[in-house]
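Inspection log for the structure reproduced underneath, given as C-alpha cells.
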Amino acid sequence: MTILAIAQIGAPVLRERALEVTREEIATPEFQKFVDDLIETMHDANGAGLAAIQIYNPIRVCAIEVGNNPRYPYKPKIPLTVLVNPVLTPLSNERFDNYEGCLSVPDMRGVVSRYAEMRVTAWDRHGNAIDREVRGITAGTFQHEVDHLDATLFIDRVADTRTLCTWKEFARHQEAAFRAVVERVVGRFGS
Ligand code: ZN
C-alpha cells in the first residue's frame, strides 16, 4: 500500500465533479489497489473520511471510518465503509449544526448545517449494493464525504463565517459547547 498526497484547498481537482465508476473498473486490480491506498492514506492522516478526489483521482469513491480518532475524539464510531457512486437522500427535514474540519482545508473548522437522517445507496468496493440509513453525527460525516464528489468543500456550506476557527481556537473556545451538541444528537439518533 502507498500513502498518497492529499490535495489542499486551491488545487483545481477539488473543484471537479468526480466521475462515476463502472463495474468493469471495479473488477480491475488497479482499482482495488487504489482503494487500499485511499484507506491507508485516510488512516495515516487520522481522517474520519477521505474521498478519492482528495488524492487527485476524480472518481466517485470515498472511504469513511471512525475509531479512536485523535482529530475527532467525540465522534461516534463508524466501521470502515467504502462507497462507490454513492447517492444520499434525506429521510426527513431535521437538521443539526455540525462543527466540521477537512484534510484538504488545513487548520480550519466551521459550522455546517447537515441533514440528521439520510438514506445511502452505493456499491461497496466489490460492486455489491449498499442500501442503508445513517443518522446524527454519522450522517454529517457521510454528507461531508459525498460533497467532495460534487466539488463542494465544507467551507462552501458555512452559513456564518464567524464560526470559522483554527483547530487550536476550536479547542479553546468551541469544543465544550460542540460536545454538548454531539451529546444531544447522539442521544436522539444513537450515532
Ligand atoms: Zn473533507
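Values in this text are rule-based calculations from the coordinates and carry no lab data. None of the values given here were measured: they were computed from a predicted structure. No Cβ is skipped: glycine too gets one built from the backbone with ideal geometry, and neighbour counts run over all protein chains shown.
Mind computing the radius of gyration and Dmax over the alpha-carbon atoms of the range 12-189? Å is fine for both.
Rg and Dmax of the range 12-189, Cα atoms, are 15.7, 49 Å.
Give me the extension gain from Asn93 to Arg172: residue separation times 0.36 nm, minus the current Cα-Cα distance, reported in nm with one decimal.
Contour length minus Cα-Cα distance gives 25.2 nm.
Based on DSSP H runs of at least 4 residues, each adding -39500 (n - 2.57), what is the mean residue ellipticity at 222 nm of the chain after dividing by all its residues, to the nearest 500 deg cm²/dmol?
-8000 deg cm²/dmol
Quote the FRET efficiency, to the nearest 0.05, computed for Arg119 versus Ile3 with a Förster distance R0 of 22 Å and r equal to the Cβ-Cβ distance.
0.10
Using a 7 Å offset from the Cα along the Cα-to-Cβ direction at both Tyr56 and Lys33, what is the distance between the two label points in nm, to one decimal?
1.6 nm
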